[in-house]
Every structure is written in C-alpha cells, then in structure tokens.
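The values are calculated or read from the model by the stated rules, or taken from the named source; none is laboratory data. Fair warning: this is a prediction, and the values are worked out from it, not measured in the lab. Note: ideal-geometry Cβ built from the backbone for every residue, glycine included; neighbour counts use all protein chains shown. These accessible areas exclude ligands, DNA and RNA; they are computed on the full protein's heavy atoms, side chains included. Shrake-Rupley method; radii C 1.70, N 1.55, O 1.52, S 1.80 Å.
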Amino acid sequence: MKLGISSCLLGTTCRYDGGHSRDKFIVNELSNYFDFEAFCPERLVFPTPRPAIRLVRSNGEVTVRTSNDDEDVTNTITEISKELVKKIEDNQLCGFILKSKSPTCGMERVKIYPDKKNGQSENVGVGVFAKELKERFPYLPIEEEGRLGDPWLRENFLMQIFAYRHLFEFLKSKPSFKDLVDFHTSYKYLIYSKSQSSYKELGNIVANHEKKDIEEVLSLYKVAFLEAISKKGSISKTYNVLLHIYGYFKKVISKEEKDDILETLEDFKKGIVPLIAVIKIIKLYTNKFDIEYLKTQVFINPYPKELALRSKVEAYK
C-alpha cells in the first residue's frame, strides 16, 4: 500500500528555513504498513532554504506571494501543483497525508494575509496543491498530520484507507454479481457506522432492478462506495451499530451477560471505555457461538490490530 506524504513530514529538510516537520506517528508507525511517495511543490520551485511564501487576498482573489519581496508566484505554484497531481494518477496511491497550515499543502485553516499591512489575516485558506489534489481525487482518503492527533479522526482515516484499497483490489479481480453481493454484505456495519442511507443506496445498486450489465453496476457501486467511506463516523452511529451486532447473540446468552454487555456499550457511549473494549466482547461471543455473518464483517476488523487505533479512550469522549 502506498501513501502520498508531504515531504517535510518524513523528516526531509525541505522547509523554507531548511528544517523539517518529521511526524512520529507517520514515520514510526504507519511506515510498518505503507510505502511513502513524498511530494513538495515548493521544493520544485525554490531552493532550500528559500523565501517563505504565503496566501494573500488581493482585490477579492487569493494569490501566492513571497513574504520578503512580495513576488507573485501564483502561476508557478499552481502549474507545479497540477503537474504533481497528474503524477499521482500513475502511482496508485490509497491515501494522502498533507502538512497542515501550509500555503501549498494545508487542507483547511491556512492563513490568508491581507494585501494591506494594516488588514486582518484569516484562517480560512486552502493550500494550492491540496486544492488541486482534492478536486482531482474527491474520494481519495486525505488528511493533515495535525488532525491525525485526534484519535477519532485517525481511526476514521485509517478505516477509510483500508476500505479504499480493498475496493480497488476487489474491482481488479473481475468480480461476478455474487462476489459483489458478498463484498457489499461484508461492509454492512462499517457503512452503517457512517451512514445507513448510504448502505441503502449501495444496496439498491447491488439489487440491480434495471438488469444492467456487471461493468455498469460496478462503476456505479464504486462511486457510491467511495462516497460512503469518505463520511466520518460518530459515537452515536457506532453505538447503534454495536446494538445491531449485539442482537445476533442476545437470545443465546444469560441475563447477567446481557447486562454486562449493555453496560459496556453505555460506558463506551459515555466515553468511559474505548471502542476496543466492546469489540473484544463482540469477538468473544461471535467465536463462541460461531456466528459466520459477524465473522465476515469488516467493521470488526477494518485494519491491522497492531495499529491499536481503537484503544484510545479520548477518541470517543
């Protein structure tokens, strides 16, 4: 699996001041599961060290200028960004992590300076490269390293990446209608944790009431699936999914066991215990009663357990 990464996050000394922004989670943990493809639009335009650049609002338009001599480099940065985005098409990336607050790579909240010195700056901008990337690949999993410090967003992002990769591997296998039904079924609760209406939409595509050929159905399913997994889950949606799953074995366990499970679900909802505590109980009963349907659910095992993304209590507060 290959992730695109802003070069400075890997420790490359490509910042304007000759420094870097090495991110420990990316370098020390994600490197065990992904290959990285580094990108730095600014490095292709300027040497390192170099003049800092910033977004400037002038006459209602946002431009890119050097901070020392106010040179307008908008066209150059934009063209380089477009070239890099074209390159990404050939690299088969399954996700991208961008440098936050960067005038080229920031996804959001990038500072836009006023044209006049006495004006007020605003944290409402989007980096030039990030904008091109999001427009060309609207469903590619993309996050900033700063936002990945939030365990909830981190879990959502990694879940999306692995589902994204799984879909494209599935499509390459030249699946039959039966294969599509099985794939769709295995993602029921993962999609539910994001949007039940999305799962219903996907189900209508799979049902194929209009008797379309497999290629057309797969094409429709691909877009709807990518849109569904790009949505962020929530505590309440995840809690509802857990209640659904609990329903598969509530009739075959004792009252004491039911009370224990429901208490743990409530503790999760309140932020007292992490999601992994509930998942372990679900796995225990799934295996004990050999519930094959639950064993196929990607929601229960969406990525390698060693990432330990569901063990952070603060993610669900």
The listed residue being charged (D, E, K, R) and either modelled with pLDDT of 95 or more or closer than 30 Å to residue 182 by Cβ (or both), out of 295, 312: 295
Residue that is closer than 17 Å to residue 168 by Cα, touching a residue at least 12 places away in the same chain (Cβ under 8 Å) and not hydrophobic (A, V, I, L, M, F, W, C), where the choices are 239, 246, 192, 187: 187
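Yes/no per residue for (1) touching a Leu at 6+ places or on another chain (Cβ under 9 Å); (2) part of a helix (DSSP H, G or I):
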residue	(1), (2)
152	no, yes
159	yes, yes
164	yes, yes
168	no, yes
174	no, no
178	no, yes
182	no, yes
189	yes, yes
Members of segment 248-267 that are under 16 Å from residue 283 (Cα atoms) and either within 28 Å of the chain's Cα centre (by Cα) or open to solvent by 80 Å² or more (accessible area, probe 1.4 Å) (or both): 248, 250, 252, 260, 264, 265
Residues being of a type in the set (Asp, Glu) and either in contact with a Cys (Cβ under 6 Å, 6 or more places away or on another chain) or part of a loop (DSSP other than H, G, I, E, B) (or both) - total across segment 83-94: 1
Among residues of segment 67-86, those that are surrounded by fewer than 13 Cβ atoms within 10 Å (Cβ to Cβ) and under 17 Å from residue 142 (Cα atoms), counted: 1
Test set (1) free of Cβ contacts under 8 Å to residues at least 24 places away in the same chain; (2) under 18 Å from the mean Cα position of the chain (by Cα); (3) surrounded by 13 or more Cβ atoms within 10 Å (Cβ to Cβ) - residue 164 fails condition number: (1)
Scope segment 1-36; condition of a type in the set (S, T, N, Q) and either crowded, with 18+ Cβ neighbours inside 10 Å or more than 14 Å from residue 96 (Cα to Cα) (or both); matching residues: 6, 7, 12, 13, 21, 28, 32
Answer from 305, 288, 280 - the residue that is open to solvent by 90 Å² or more (accessible area, probe 1.4 Å), at pLDDT below 90 and out of contact with any Lys or Arg (no Cβ under 9 Å at 6 or more places or on another chain): 305
Members of segment 92-120 found to be on the phi > 0 side of the Ramachandran plot and without any contact (Cβ under 8 Å) to a residue 40 or more places away in the chain, listed by number: 109
Residue among 233, 203 that alone is in a loop (DSSP other than H, G, I, E, B) and open to solvent by less than 50 Å² (accessible area, probe 1.4 Å): 233
Criterion: of a type outside the set (A, V, I, L, M) and outside any helix (DSSP H, G or I) - qualifying residue of 303, 293: 303
Those residues of segment 9-26 which are in contact with a strand residue (DSSP E or B) (Cβ under 9 Å, 6 or more places away or on another chain) and part of a helix (DSSP H, G or I), in sequence order: 9, 10, 26
Residue match in segment 274-290 (condition: farther than 24 Å from residue 165 by Cα and either among the hydroxyl-bearing types (Ser, Thr, Tyr) or touching a strand residue (DSSP E or B) at 6+ places or on another chain (Cβ under 8 Å) (or both)): yes
Scope segment 95-132; condition open to solvent by 30 Å² or more (accessible area, probe 1.4 Å), in a loop (DSSP other than H, G, I, E, B) and closer than 28 Å to residue 3 by Cα; matching residues: 99, 101, 108, 109, 126
Residue match in segment 26-42 (condition: under 20 Å from residue 111 (Cα atoms) and more than 24 Å from the chain's Cα centre (by Cα)): yes
